Structure formats: C-alpha cells, structure tokens
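Data block below; observations after.
The values are calculated or read from the model by the stated rules, or taken from the named source; none is laboratory data. Because the structure is predicted, anything quoted here is derived from the model rather than measured. In this analysis, Cβ positions are derived from the backbone assuming ideal geometry, glycine residues included, and neighbour counts consider all displayed protein chains. These area figures cover heavy atoms from the full protein model, side chains too; ligands, DNA and RNA do not enter into them. Shrake-Rupley method; radii C 1.70, N 1.55, O 1.52, S 1.80 Å.
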Amino acid sequence: MSRNGKCPFDPPPELYAHQEQGPLAKVRIWDGSTPWLVTRYADQRALLADPRVSADVARPGYPSPAPIPKGGSAISFILMDDPEHARLRRMVTAPFAIRRVEAMRPTVQKIVDDLIDDMLAGPRPVDLVEAFALPVPSLVICALLGVPYTDHDFFQANSKIIIKRDARPEDRQAALGRLVGYLDQLVGTKMTEPGDDLLSRLAARVGSGELSRMDAAQMGVLLLIAGHETTANMIALGTLALLEHPDQLTRLRAADDRALVSGAVEELLRYLHITHNGRRRVALEDIELDGQVIRAGDGIVFPNDIGNRDPEAFPHPDTLDIGRDARHHIAFGFGVHQCLGQSLARMELQVVYGTLYRRIPTLALAAPLEEIPFKHDGSVYGVHELPVTW
C-alpha cells in the first residue's frame, strides 16, 4: 500500500510527508501559535518520558487543541504535572491494576455474550455501534465507577459535545458542567451510601479531607468519558478494519489461542488511530533534537497515529498484520501520563475480538465502505454508524 493517507484507517498524507522530511517541524494551529510537531516513534517516546516536558495545560505555550473558556478547569489530573498528577492518579489506580482487571473478565464476557444474543435475536441489518460497540464499554465503566447505566444517554450525549472538534467553547464548557454536576451529586450520595465501586472510594477520600468534592467529580467525568468513548470507537473501527482485511479476520476467527487474540488487539491499537488531537506538551527547558532546539515555552504535539506508522519501529507499517509483535506501540502514550485504563481497554478488546467474529462467523458490512460515516468532526476517531448483517 502506498503511503498516501487516503485509506480511512491511515494518518493524513501531511503527517506521512512530515515524517519522511524529518523528526521536527513547526506547524500552525487554530490560535496562530506554532508548536513543534514530532512524528517519529523514537522521538515521541523519548520526549513523552522527558521530565523537561510538561503536560500542564495552564502553562504559557501549551498547544491546546481548542480554546479554553475563561474560568474553565482542566479535566482532572491528565493535564497536570507531578507531584499533583501522581497524588491524584494514585487515588484511582487500584481498580485498573492487571489482577483486578482480569477478575472482571468473566463479567465482561457475559456482557459481550448477552449483547450478541440480543443482536442474533433481533432484526438485520443492525447498527453495530448502537447495538454492541457502545454498550459494552459503557456497561463496564458504569459498573466499575458505580454510575447507573440507566443514565447512559445523558452522559453519552454530553461527552459527544466535549470531544466534538468544532464545538463552541461555551457549549463544551456547559456539557462539562452538566457532567461534573451529575458526578458531584453521585459523589455526595456515595458519601452517605457507599458501595463497592470507584466513586465510593473517591467519596471516602472526600470525607477524610484528602480530596475536594469537585476534584472527585472531575476525576469521575474523566474516567466516565475515557472509559467508554475510546473503547467503543475501537470496537467499531477495529471490526470495520478486519472486515476490510478478510485474510486477517479469518486468522483471528480461527484462532483458539489467547496469545494470538491479544496480539491482534495490540496490532489493531497500533494500526488504527482513535485519538486525533495528538498528545500535547510544552517544553520547560531548551531541548536539542536532531540538530534543532525546542526552546523553553515551545509547544509540542505528538500525533501517535503517525508514530505508530514509523517504518523504523514497525516494518511495513501500513500493513495490518495481526501476527506481528506490536506491543511496543504508543496508542496509550508513554511515560508517567501513560493511559491509566489501558489494562481494562485491552481486556475488553480481547473479549470482544475473541468472541464477536467466532459467534457470528458470517458477519459482514451491510453498506459499501464509502457510505460509512466516519467521525472526522471529533477528537476521538471512529464511525458514527456501522451497519452489519450476517
């Protein structure tokens, strides 16, 4: 396949060009500022782990992907630096530990099987996004957090506004405010009526004075959005990619090997690109890279989609090969800000990719690829709908 970026699973052609021309380039963003664009895998990993690089959205020079409303607050700890980042992150780490996540596998398996049962018993064609891809991670993250799934329409509608690329700042802030208010009420309830869930643990920390109620609500919003939007889009987009690569789908469907399924998950995470804003940072000190200097105060953008397509790190990077060892991809970032929920996402995708195509072996698109509506309007990439039949 030529590296032209025309395939809906590929990065834009401009990113291919920047990667081929050199590791660093100045680019202009919406506010007229010119941060550095880092396109090569090794450089992205090195800088994302460099303590001279800050994730603090409040620092001058930070290349925000959209206007930040005055008085608006960051969504919890992901846009902070240590030690505050580490302090808050530690409060929510335990449920995402590998052992805890593995204990949830039977529950996730039942969710997946039940949703497939419902699909098989219903009409055809069906929208896989609505019937399967969105409910799976939504049910899982609601159970983990202690959020009533009956409210999923409310939080999904507001999360879509927050991640919509062209949403007005005031609309995005209003949606965030509604979600924070909703989670704040839940935290308040769990302070007096705790359960066995993450929000109850955060509520206990509020009660002990370790955490403000607002911080607890914002952390809940972050986990709620991140826990269902990215994984839902990965389920649908991964399914579409496999349907468009029938040789790889056949290999996966025939696999009776959990290691191959796990490998397929890693390769799909590498090959596809769900987050479209790139990771954003700002330099705290001068940093020399390949004969150029990133000055203190300069913004830096790391598009992980092109980093994961670097031929120096992944031979034949534009080929989907579920047999390759792709575990060193940077779909979840790198360094201290690496995605907290990556173990949960991996487990959910392993269950989905290891079950859906085996149970529905004749799964097929019910519309031509060119009629599939892709999400070019948001910071989380995927498809709005995926009509399938069998």
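Quick notes on this structure:
- Check on ARG100, open to solvent by 70 Å² or more (accessible area, probe 1.4 Å), free of Cβ contacts under 8 Å to residues at least 40 places away in the same chain and touching a Ser or Thr at 6+ places or on another chain (Cβ under 9 Å): yes
- The conditions of being modelled with pLDDT of 90 or more and under 18 Å from ALA345 (Cα atoms) are met by ALA143.
- Residue within the range 8-15 that is farther than 25 Å from GLU170 by Cα, part of a loop (DSSP other than H, G, I, E, B), of a type outside the set (Phe, Trp, Tyr) and in contact with an Asp or Glu (Cβ under 7 Å, 6 or more places away or on another chain) present: yes
- Failed condition for ALA296, given (1) assigned to a helix (DSSP H, G or I); (2) over 28 Å from VAL351 (Cβ atoms); (3) in contact with an Asp or Glu (Cβ under 9 Å, 6 or more places away or on another chain): (1)
- The range 113-130 - residue that is under 26 Å from VAL221 (Cβ atoms) and over 17 Å from the mean Cα position of the chain (by Cα) and, of those, least open to solvent (accessible area, probe 1.4 Å): LEU115
- Taken over the range 330-380, residues that are in contact with a Pro (Cβ under 7 Å, 6 or more places away or on another chain) and under 29 Å from ARG168 (Cβ atoms) amount to 2.
- Only one of VAL293, VAL301 that is closer than 16 Å to GLY22 by Cβ and crowded, with 17+ Cβ neighbours inside 10 Å: VAL301
- Residues in the range 14-53 that are open to solvent by less than 40 Å² (accessible area, probe 1.4 Å) and small (Gly, Ala, Ser): ALA17, GLY22, ALA25, GLY32.
- When ARG281 is tested against the conditions (1) open to solvent by 10 Å² or more (accessible area, probe 1.4 Å); (2) under 24 Å from ASN233 (Cβ atoms); (3) touching a His at 6+ places or on another chain (Cβ under 8 Å), the lone failure is (3).
- Qualifying residue in the range 26-33 (condition: under 19 Å from the mean Cα position of the chain (by Cα), at pLDDT 95 or above and not aliphatic (A, V, I, L, M)): no
- In summary, HIS316 fulfils each of the numbered conditions (1) part of a loop (DSSP other than H, G, I, E, B); (2) in contact with a Lys or Arg (Cβ under 6 Å, 6 or more places away or on another chain); (3) surrounded by fewer than 22 Cβ atoms within 10 Å (Cβ to Cβ) with the single exception of condition (2).
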